Amino acid sequence: MPNTALPSLAELENASEFQARHLGPWDAEQAHMLSVVGVASRQALIDAIVPESIRRSRPMDLPAPLTEAQALAELKAIAGQNKLMRNFIGQGYHGTLTPGVILRNILENPAWYTAYTPYQAEISQGRMEALVNFQTMVTDLTGMAIANASMLDEATAAAEAMTLAARGGKSKSTRFVVCHDVLPQTLEVIQTRARPLGITVDVVHAAQLAEHLQSHDCFAALLQYPGVNGQVRDLRPLINALHAKGALAIVAADLLALTLLASPGELGADIACGTTQRFGMPMGNGGPHAAYLATKDEFKRSLPGRLVGVSVDSHGNTAYRLALQTREQHIRREKATSNICTAQVLPAVVASMYAVYHGPEGLKRIALRVASYTAILAKGLQQLGRQLIHDTGFDTVQVLAADRDAILAAAEGQGINLRAASADTVGITLDETTTRQDLSALLALFANGQPVPAIDTLAQGLTLRLPEALRRTSDFMAHPVFNTHHSETEMLRYIRALSDKDLALDRTMIPLGSCTMKLNATSEMIPITWPEFAHIHPFAPRHQLKGYELLDQQLCAWLSQATGYAGISLQPNAGSQGEYAGLLVIKAYHDARGEGHRDICLIPESAHGTNPASAQMVGMKVVVVKCDADGNVNLDDLKAKCEQHSANLAAVMITYPSTYGVFETRVTELCKLVHQHGGRVYVDGANMNALVGLAGPGEFGGDVSHLNLHKTFCIPHGGGGPGVGPVCVVEDLVPYLPAHRSAGLGTDVQVGAVSAAPLGNAAVLPISWMYIRMMGADGLKAATEVAILNANYVAARLADHYDIHFSSGKAEVKGGGVAHECILDLRPLKDTSGISAEDVAKRLIDYGFHAPTLSFPVAGTLMVEPTESESQAELDRFCDAMIAIREEIRQVEQGQWPQDDNPLKNAPHTAASLLQGEWARPYSRETAAYPVSSLRLQKYWSPVGRVDNVYGDRNLFCSCVPVGDYA
Ligand SMILES: *Cc1c(COP(=O)(O)O)cnc(C)c1O
């Protein structure tokens with residue numbers, strides 16, 4: 001072959017190969033889809049849909065794309081800049097051994113990590129069973145009546161416990177007491193949360209607490225059990241003193257310690273909270289980990305966060321579903337008490353499986369080993385002449401050390417991190433991974449030339465450092481699920497059996513509007529379990545964390561290119577937390593200008609429920625702005641409200657493109673208007689998948705945004721978390737971005753910490769890094785364009801069958817022209833057939849699909865967001881199903897099937913219900929199970945019939961179902 005016929009080396013190297021892997025439709029499919037939509041090219045489509053007024057002035061400045069292998073190599077080099085150490089820092093983060101069967105089959109398994117939050121109960125029974133196991137594990141260990149699944153981290157869980165106590169308790173006081181030995185990062189987050197709510201936080205030494213209560217009222221106090229320095233105190237006198245004052249007692253407790261210690265419930269606590277990190281989730285530089293919150297029965301109706309309950313299905317069988325308050329912020333909006341939406345489901349599943357794997361006996365053995373090693377360490381240190389600060393301890397000793405810095409330095413030299421507990425003490429915390437060799441190495445650090453005592457000798461006649469009066473005598477985790485699956489074979493099959501019940505992205509598209517369920521590429525996932533990212537303590541000396549620092553810097557720089565914002569903090573660990581942090585930034589800005597009285601937040605009625613919930617959490621007053629018939633913010637109403645509240649206007653919170661999937665053309669005008677009245681513009685960035693590469697909110701008038709890296713930037717939803725919700729701001733707001741003083745980061749003007757760890761859910765950041773690094777600027781822009789094309793293709797194919805609720809009204813685009821999602825209005829069909837949007841959602845399960853977003857942002861509608869990752873074939877499979885369902889509805893309309901007995905009302909159909917001897921339905925079993933022929937090749941069977949939500953809410957039950965109760 002002559003040289004001229006050879007492709008260039010650059011073409012052969014194919015550096016942008018990943019683009020084609022990430023995008024669903026290839027070129028020929030795109031061409032076909034464009035013809036269906038009725039436009040000549042992708043560019044023409046974008047020009048028709050995305051308003052000129054908001055378009056970027058220049059392309060994103062991002063490094064040229066790398067192949068999967070190259071990106072992994074580059075990231076490996078960055079990871080290598082983190083120093084892997086043996087960590088004995090404690091302070092809420094511990095080494096843990098993730099059982100291999102859980103690591104591979106849950107944490108690294110797309111059947112688990114690509115699932116969505118279990119709003120559609122029928123296709124989520126597996127993960128909800130795992131979450132009920134989590135709730136049962138927490139209620140058993142804490143001795144409380146009810147627990148949720150899950151909270152974002154221990155610090156925010158404690159802050160939510162504080163506000164739960166404020167509204168649930170009887171005291172009218174606005175004072176909250178934090179005991180001196182609470183984790184410092186927890187105290188910091190509590191201080192951040194308390195301030196805008198007008199709550200005074202007193203930090204009081206445990207020894208002075210009873211006395212403090214004599215002269216001060218408070219509505220509740222937070223106690224740590226065991227304390228950060230290891231002390232195991234009998235909390236009963238303090239709890240009694242609090243109760244005598246009409247105040248509630250919150251106990252932040254270590255679950256592993258609770259296998260040996262009397263539970264908070266037994267000690268009289270009203271609320272328990274904490275982290276489950278040491279149950280199998282690596283430290284990951286601070287996250288993601290599932291935190292927990294558990295309460296007495298009397299507060300169960302006001303428990304924030306995700307709560308899975310037991311209900312029944314249409315056949316009377318046991319079935320799980322999310323309890324009502326899970327949607328609290330969507331239903332109660334500005335009256336909501338918590339904004340938590342995305343939680344930590346995947347880490348909660350890991351923790352629950354860790355408990356299933358080890359069982360109560362296994363957990364006790366681990367705890368006893370840790371406690372025994374701690375006692376050995378304490379004894380050895382005393383033999384070496386060291387003075388210990390406390391005579392109790394589960395996993396931690398605090399050693400008096402005038403030579404503190406020399407010891408810390410010597411330790412670091414040997415690859416060991418200890419905690420600088422105070423100016424002249426050192427803290428040492430042991431965990432499941434600690435070995436005898438570690439104990440010898442630790443003792444050697446304090447030996448000063450003396451011989452190091454032998455571990456075997458120290459182990460003779462050992463007494464644990466746990467007070468006899470506080471030893472646990474009660475059982476826990478007696479349910480068979482924790483006492484059955486202990487062989488690896490059984491464990492593997494249990495995990496597989498649960499995931500087989502569920503639909504995740506590994507089986508079908510999940511066209512959830514506003515949720516952006518796109519590809520979570522395997523190459524993006526691989527780095528998260530690399531030891532150099534996974535086994536890093538968030539409070540290790542900063543100079544050991546150079547890899548994470550670089551990851552943070554690069555990712556922020558790239559996201560800044562994508563959004564047009566000047567400054568970004570990755571600390572918030574969900575979108576809701578980004579909203580909260582962003583509103584605090586706006587508040588701090590007004591405060592700094594002596595305009596702290598500005599407290600009005602304008603929010604359009606179409607907003608996501610987290611928006612008003614976040615606004616009330618920062619003490620702002622929500623004023624609702626109307627939307628017009630096209631789904632746009634009603635600018636006249638906005639103008640009137642800006643004028644009415646001009647002196648007190650703090651912010652407006654909009655979503656762009658709107659939650660209706662519309663690019664409002666007058667958004668720049670809206671921003672100007674708000675600025676004229678002294679307010680700042682918050683742009684909810686959940687819909688960034690319609691903007692990246694085309695427009696940046698920081699350029700077209702936004703002042704603050706949060707992103708959802710778990711939507712736009714490929715972090716999987718994990719069945720409801722983890723997420724990352726970076727807060728992004730324009731130049732003049734950069735000084736106020738959240739600090740993290742417990743980690744030695746930040747200045748006085750900054751907003752305080754909003755997460756327990758300085759980089760929030762740090763360990764999942766490599767996912768977004770990989771995505772951007774492999775896509776490059778052109779690839780990311782192409783992703784946005786294809787996302788818009790896919791949505792318009794769906795709208796075009798369905799336009800003759802369903803009402804497309806809002807569109808830009810472009811006559812040249814079939815379907816009217818939508819952004820990256822489209823809303824199908826089913827309300828007219830309800831009148832003609834009695835069929836509801838929910839019936840269609842459930843019937844889609846019979847067709848093998850996860851339903852689109854149901855009844856948000858408009859009741860009675862389905863919102864479809866296909867994302868760029870779905871191929872034409874999959875979009876067609878979905879459209880064919882929707883069209884077939886429309887024909888089924890027609891049969892009801894025409895009276896062939898009764899309104900109350902048809903394949904839609906009875907969906908989803910279980911195999912068992914179709915195999916019953918008698919079949920008395922007006923349609924055939926084939927119609928029920930195989931309405932389209934492709935289902936005969938591949939069929940998902942719903943494990944349960946339609947779940948009864950009302951029954952579940954009336955009979956709130958949130959633990960493992962007692963054996964024998966299974967129907
Ligand atoms: C998903 C979403 C949020 C909340 O994000 P979380 O990460 O779930 O807290 C906020 N606003 C909109 C429009 C969203 O779609």
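Sites counted here are trypsin sites (Lys or Arg not before Pro) in a DSSP loop (not H, G, I, E or B) having no more than 11 other Cβ atoms within 10 Å; the longest part of the chain that contains none of them is 173-592. When the Cα gyration tensor is reduced to axis lengths a ≥ b ≥ c, the ratio a/c is 1.5 or higher for the range 717-816, and with a/b above b/c it is classed as prolate.
Test of understanding: express the Cα radius of gyration of the chain as a ratio to 2.2 N^0.38 Å, with N the residue count.
0.94
A simple spin-label model places pseudo-atoms 7 Å from Cα toward Cβ; at residue 553 and residue 469 they are separated by 5.4 nm.
Note on residue 76: lysines with a C-alpha under 22 Å away, same-chain residues under 8 apart excluded, are 546.
Using 0.36 nm per residue and subtracting the Cα-Cα separation, the extra length available between residue 435 and residue 402 on full extension is 9.2 nm.
Bridgeable lysines around residue 170 (alpha carbons under 16 Å apart, same-chain partners fewer than 8 residues away excluded): 245, 296, 300.
Each residue, residue 302 and residue 335, gets one label point 7 Å from its Cα in the Cβ direction; the gap between the two is 1.4 nm. Working from Cα pairs under 8 Å separated by at least six residues, relative contact order for the chain is 20 percent. Calculated FRET efficiency, residue 69 to residue 27, Cβ-Cβ distance, R0 = 30 Å: about 0.80 to the nearest 0.05.
Helix 837-846 and the longest principal axis of the C-alpha atoms of the chain enclose an angle of approximately 80°.
Nonpolar atom fraction for the chain, defined as the carbon and sulfur part of the 1.4 Å probe accessible area, stands at 50 percent.
Helix 206-215 axis versus longest C-alpha principal axis of the chain: approximately 80°, rounded to the nearest ten. In this Cβ point-charge picture (+1 for Lys and Arg, -1 for Asp and Glu), the chain has a dipole of about 1540 debye about its Cα centre. Taken about its Cα centre, the range 849-967 carries a charge dipole of roughly 280 debye when the Cβ of each Lys and Arg holds +1 and the Cβ of each Asp and Glu holds -1.
Within the range 831-924, the GluC sites (Glu not before Pro) that combine a DSSP coil assignment with at most 13 other C-beta atoms in a 10 angstrom radius are 918.
Where in the range 537-576 is the amide nitrogen less than 17 Å from a point lying 7 Å along the Cα-to-Cβ axis of residue 732? Residues 565-567 fall inside that zone. Relative contact order of the range 555-760: what whole-number percent is it, with Cα pairs under 8 angstrom and at least 6 residues apart? After rounding, I find 31 percent. The residue among 136, 107, 121 whose Cα reaches farthest toward the positive pole of the charge dipole of the range 36-151, with charges on the beta-carbon of Lys, Arg, Asp and Glu, is 107.
The stretch between residue 423 and residue 543 holds 41.2 nm of extra length on full extension. This uses 0.36 nm per residue minus the Cα-Cα distance.
Oblate is the label for the range 555-760, because the ratio a/c of its alpha-carbon gyration tensor axes (a ≥ b ≥ c) is 1.5 or higher and a/b is not greater than b/c. Placing R0 at 56 angstrom, the Cβ-Cβ distance between residue 745 and residue 914 gives a FRET efficiency of 0.40 after rounding to 0.05.
Set the Förster distance to 41 Å, then compute FRET efficiency between residue 884 and residue 55 from the Cβ-Cβ distance, nearest 0.05. Efficiency computed from Cβ-Cβ geometry: 0.55.
Per residue, the accessible area of the range 371-515 comes to 43 Å² when a 1.4 Å probe rolls over the protein heavy atoms.
Please report how far the C-alpha centroid of the range 83-123 lies from that of the range 546-610, rounded to the nearest whole angstrom. Their Cα centres are 27 Å away from one another.
Once both axes come from the Cα atoms, what is the angle between helix 345-383 and the longest principal axis of the chain, in degrees from 0 to 90, rounded to 10? Between helix and principal axis, roughly 20 degrees. Label point of residue 450 set 7 angstrom out along Cα-Cβ; within the range 371-391, amide nitrogens under 13 Å from it belong to 378-388.
Sorting 831, 732, 846 by accessible area puts them as 831, 732, 846; the probe is 1.4 Å, largest comes first, and only protein heavy atoms count. Rounded, prolate or oblate for the range 414-548? Axes are the square roots of the Cα gyration tensor eigenvalues, ordered a ≥ b ≥ c, and the cut-off for rounded is a/c under 1.5. Oblate. Length gained on full extension, residue 244 to residue 591, computed as 0.36 nm times the residue gap minus the Cα-Cα distance: 121.1 nm.
The values are calculated or read from the model by the stated rules, or taken from the named source; none is laboratory data. Computed from a prediction, not measured in an experiment: that's the story for all the values here. So basically every Cβ, Gly included, is an ideal-geometry build from the backbone, and we count neighbours across all protein chains shown. When the accessible area is computed, the model is the full protein with side chains, heavy atoms only, and any ligands, DNA or RNA have been set aside. Shrake-Rupley method; radii C 1.70, N 1.55, O 1.52, S 1.80 Å.
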